[in-house]
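The values are calculated or read from the model by the stated rules, or taken from the named source; none is laboratory data. Note that this is a predicted model, so its numbers are computed, not measured. Every residue, glycine as well, gets a Cβ built from its backbone with ideal geometry; the counts of neighbours run over all protein chains shown.
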Amino acid sequence: MYLVHTPQIIQSLFPRFTWRMPSDEKVVHLTFDDGPIPEVTPWVLEQLDRYDAKATFFCVGHNVDKHPDVYEQVVEAGHLTGNHTYHHLDGWNTDNITYFHNIRKAARKVNSNLFRPPYGRILPSQAQFLKRHYQVVLWDVLSGDFDPALSPEDCLNNVLRHVRPGSIVVFHDSLKTMKTLQYVLPRVLAHLDAQGYRFEVVPQTVEAEPVAAPVPVLQPA
């Protein structure tokens, strides 16, 4: 069970997270989680390039280690990258010390002040620490491309029905989502472009310092 559109009441409960970028202009922020993957990410880059679209890629550190050349393609194409932990950890099911060290390990591969918790799951204590070092980016539109029970057509409708100026939209550049993404992404780009939208990276609103070096607070008491 997941929410395609994050209700305003939930967004208001966590005001220190970035959910969307309020705007009167037709700007949308496409984001891609879990890459880089050689079978998928270069294809995504090709689709974005057709519309001069810039996006934000929340990268898993382990995948960057395995595919550094693909990661460089993302950066060289002018897209923004963010930290998505090293092993795609679920914050709800991971103790804080392990979680923070895993993020720190990813930070050695992904130099960014943006962080997105895998599954959107993060404990209050984790958020309290991380917001001192990162801009925590969530979303207001979740495409559902990861859901095998969701048809590509319904995934497309999820996005087009809920997107609005300033929306942060989640896709995944992963093998699991590839079939759906190949249907949905070109159509989202074409439709929104025809509606006059621009595609930009998630604006960095804080000058946070990524956790890349040892941090004393991570040590157990």
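Among the residues of region 1-26, those that are surrounded by fewer than 16 Cβ atoms within 10 Å (Cβ to Cβ) and aliphatic (A, V, I, L, M) comprise Met1, Leu3, Ile9, Ile10, Leu13. Residues in region 70-92 that are assigned to a helix (DSSP H, G or I) and touching a residue at least 12 places away in the same chain (Cβ under 8 Å): Val70, Tyr71, Gln73, Val74, Gly91, Trp92.
Can you work out which of the residues in region 41-80 that are among the aromatic types (Phe, Trp, Tyr) and under 21 Å from Ile103 (Cα atoms) is surrounded by the fewest Cβ atoms within 10 Å (Cβ to Cβ)? Working first, answer last.
Of all residues in region 41-80, those among the aromatic types (Phe, Trp, Tyr) come to 43, 51, 57-58, 71.
Next cut, under 21 Å from Ile103 (Cα atoms) only: 57-58, 71.
Working: Phe57: 29, Phe58: 27, Tyr71: 22.
Across region 41-80, the extreme among qualifying residues is Tyr71.
Yes/no per residue for (1) assigned to a strand (DSSP E or B); (2) free of Cβ contacts under 8 Å to residues at least 60 places away in the same chain; (3) crowded, with 20+ Cβ neighbours inside 10 Å; (4) charged (D, E, K, R):
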{"site": "Phe129", "(1), (2), (3), (4)": "no, no, no, no"}
{"site": "His133", "(1), (2), (3), (4)": "no, no, yes, no"}
{"site": "Trp139", "(1), (2), (3), (4)": "no, no, yes, no"}
{"site": "Gly144", "(1), (2), (3), (4)": "no, no, yes, no"}
{"site": "Pro148", "(1), (2), (3), (4)": "no, yes, no, no"}
{"site": "Asp154", "(1), (2), (3), (4)": "no, yes, no, yes"}
{"site": "Leu160", "(1), (2), (3), (4)": "no, yes, no, no"}
{"site": "Gly166", "(1), (2), (3), (4)": "no, no, no, no"}
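Is it true that some residue in region 176-193 is assigned to a loop (DSSP other than H, G, I, E, B), surrounded by 15 or more Cβ atoms within 10 Å (Cβ to Cβ) and not charged (D, E, K, R)? Yes, some residue in region 176-193 is assigned to a loop (DSSP other than H, G, I, E, B), surrounded by 15 or more Cβ atoms within 10 Å (Cβ to Cβ) and not charged (D, E, K, R).
Among the residues that make up region 39-51, is at least one of them part of a loop (DSSP other than H, G, I, E, B), within 16 Å of Ser143 (Cβ to Cβ), β-branched (Val, Ile, Thr) and touching a helix residue (DSSP H, G or I) at 6+ places or on another chain (Cβ under 7 Å)? There is at least one residue in region 39-51 that is part of a loop (DSSP other than H, G, I, E, B), within 16 Å of Ser143 (Cβ to Cβ), β-branched (Val, Ile, Thr) and touching a helix residue (DSSP H, G or I) at 6+ places or on another chain (Cβ under 7 Å). Condition first: in contact with a Cys (Cβ under 8 Å, 6 or more places away or on another chain), in a loop (DSSP other than H, G, I, E, B) and more than 25 Å from Val4 (Cβ to Cβ). Can you find one or more residues in region 98-114 that meet it? Taking every residue of region 98-114 in turn, at least one turns out to be in contact with a Cys (Cβ under 8 Å, 6 or more places away or on another chain), in a loop (DSSP other than H, G, I, E, B) and more than 25 Å from Val4 (Cβ to Cβ).
Inside region 194-221, residues that are at pLDDT 90 or above and loosely packed, with under 14 Cβ neighbours inside 10 Å make up a count of 3.
Out of Asp65, Asp24, report the one residue that is assigned to a helix (DSSP H, G or I) and over 16 Å from the mean Cα position of the chain (by Cα).
Working: Asp24 fails: assigned to a helix (DSSP H, G or I).
Criteria check complete, one pass: Asp65.
Yes or no, residue by residue, for (1) more than 13 Å from Val75 (Cα to Cα); (2) in contact with a Phe, Trp or Tyr (Cβ under 7 Å, 6 or more places away or on another chain):
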{"residue": "Pro22", "(1), (2)": "yes, no"}
{"residue": "Glu25", "(1), (2)": "yes, no"}
{"residue": "Leu30", "(1), (2)": "yes, yes"}
{"residue": "Asp33", "(1), (2)": "yes, yes"}
{"residue": "Val40", "(1), (2)": "yes, no"}
{"residue": "Leu45", "(1), (2)": "no, no"}
{"residue": "Tyr51", "(1), (2)": "yes, yes"}
{"residue": "Gly61", "(1), (2)": "yes, yes"}
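Checked against the criteria, Tyr99 counts as buried (at least 22 other Cβ atoms within 10 Å of the Cβ), at pLDDT 95 or above and over 17 Å from the mean Cα position of the chain (by Cα).
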